[in-house]
Amino acid sequence: MSGVERLSLVAYGLLMRGLQPLLRRKLQRRGQQEPGYLHQVPQRFGCYDTTAPQPGAVWVHAVSLGETRAAGLLIDALRQRLPGMRLLLTHSTATGWAQGQSLLQAGDVQAWLPWDTPEATRRFLRHYRPRCGLLMETEVWPSLVQACQQQAVPLYLVNARLNDKSLRSAKRWAWLSGPAYRGLAGVLAQSDADAQRLSALGARVEAVLGNLKFDVKPQPQALSRAQQWRVQWTRQGQRRPVVMLASTREGEEALWLNALASNAWRAQAFADAGVLWLLVPRHPQRFDEVHQLVQARGWSIFRRSALPVDGQAWAEAASAVQVWLGDSLGEMPQYFHAADMALLGGSFMPLGGQNLIEAAAFGCPIIMGPHTFNFAEASSQAEAAGAAQRVAGMDGALDQALAWLNDRAALARAQQAGLDMVAQSRGAADRYAQALVSALKAV
């Protein structure tokens, strides 16, 4: 490590210490809408009041919901190869924590990854004393990497991805990113392109093993629930087409409403088809905001959180409503099973898109906007397979939705293309688990 890099790490540590009061205020604000953010707040700063667990757990960090779902696939594969494995599972978001609870077994521990200061990361490692660390996808923090090196904890980046935008940003801060990526014990990348970008930052890329998210498992219970919903969504005995807006981000709901309001013919075509709009915002703290926005535009809307209610009364309300708001956590499989197609959130604003693999795995074709840089490989693969259609904007998305509604054979081909694409790409979890077990035996 050069002298400039050492000085940069010292300055970074001072900055991160100084920002801690802002983090505390942010957690308080987020906690008003998502109480999970107020759980065990001292852990965010490396302070623990629990008895130290037995050392030697495999530590997996999955920052949020999507990473935690992918981590679950890897954890299952690791448990098969490491009987009796104890898990230390960490997160940074309340949705990640909630999803992660389903992955725990007796002897496992769940915690927050602390704010990236030298002191907090050292206390975290000294308290939990993990056997190794597995960071999911993108979470590389300078102080954390340095602390792992100092305490001889091998730290791997798995299911690793890095887009061009992030590469450019990392190169601008090379005196920080360089030591962080070089300090990793190894990197297991999703694709050749990801491997090349990570290598350009000095990371030790050991293998390209594919995307864990293609190993998404069948969800019979989700399919059963979705089928129940579809029955209750019928109108006058007729099955209603369901068009989903999946994981929408701020501003995209307004784009959708404006695109419908600006073209009376298009809006009438959806109405004549009896379309039910299934609207699922990405972030829980926006559920109320989105509900109010849709109501203010004069649309009838029903909230998933209103269940359970009287079955007959609910069926009557659902058959008449225009929009169904998916304001729940952990039910994306049900939503994708229930939908005929989905517009991909995060892709109609310059936000990089969301993961579309789960949609394809459950037979839900995707219409995506121009901004998919966070999931470039999967988006290109889905487009090439015919499981997704790319459009220039929201107007084009609605036109494509109408085209599929009017050509059920084309829609069925897109549905099958997604199922085939996912089936052909499975197996990454076993490859990652085998590589990690081999690396751990060599330590």
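In terms of surrounding Cβ atoms within a 10 Å radius of their Cβ, Arg29, Arg390 rank from fewest to most as Arg29, Arg390. Based on the reciprocal of the average 1/r between different C-alpha atoms, the Kirkwood radius for the range 3-208 equals 17.5 Å. Other residues whose C-beta falls under 12 angstrom from the C-beta of Ser425 contribute a net charge of 0, scoring Lys and Arg +1 and Asp and Glu -1. Residues in the range 9-17 carry Karplus couplings, in order, of 5, 5, 5, 4, x, 5, 5, 5, 5 Hz; the curve used is 6.51 cos²θ - 1.76 cosθ + 1.60 with θ = phi - 60°, and Gly or Pro positions show x. Whole-Hz Karplus values for the range 91-106 come out as 9, 10, 10, 5, 5, x, 4, 4, 5, x, 4, 6, 9, 7, 10, 4 Hz, taken residue by residue from phi with 6.51 cos²θ - 1.76 cosθ + 1.60 and θ = phi - 60°; glycine and proline positions read x. Can you work out D for the range 75-194 in µm² s⁻¹ from Stokes-Einstein, where Rh is the Kirkwood radius over C-alpha pairs, the temperature is 37 °C and the viscosity is 0.692 mPa s? The Stokes-Einstein estimate is 212 µm²/s.
Each peptide in 434-441, 94-101 was scored by the mean count of other Cβ atoms within 10 Å over its residues; highest first, the order is 94-101, 434-441. Applying the criteria of a DSSP loop state and at most 13 other Cβ atoms within 10 Å to the chymotrypsin sites (Phe, Trp or Tyr not before Pro) of the range 103-207 yields Trp173.
What is the distance in Å between the Cα centres of the range 224-283 and the range 130-176? Taking the Cα centre of each part, the range 224-283 and the range 130-176 sit 40 Å apart. Listed by Cβ neighbour count within 10 Å, with the fewest neighbours leading, Trp299, Trp141, Trp59 appear as Trp299, Trp141, Trp59. Remark: the range 220-425 is approximated by an ellipsoid whose semi-axes, taken from the C-alpha gyration tensor as √(5λ), come to 24, 19, 17 Å, largest first.
Positive end of the dipole of the chain (Cβ unit charges, origin at the Cα centre): among Thr93, Asn374, Thr248, the Cα lying farthest that way belongs to Thr93.
On the principal axes of its alpha-carbon atoms, the range 185-251 has extents of 62, 33, 17 Å, going from largest to smallest.
Simple point charges give the picture: +1 on the Cβ of Lys and Arg, -1 on the Cβ of Asp and Glu, and for the chain a dipole about the Cα centre of about 1120 debye.
Only DSSP H runs of four or more residues enter the estimate; each adds -39500 (n - 2.57), and after division by the residues of the chain the mean residue ellipticity at 222 nm equals -15000 deg cm²/dmol.
Taking the Kirkwood radius as Rh and the Cα radius of gyration as Rg, the chain has a ratio of Rg/Rh equal to 0.99.
Quick note: the coordinates plus some simple rules give every number you see, no bench work behind them. Note that the structure is a prediction, hence the values are computed from the model and not measured. Positions of Cβ are backbone-derived with ideal geometry, glycine not excepted, and every protein chain shown enters the neighbour counts.
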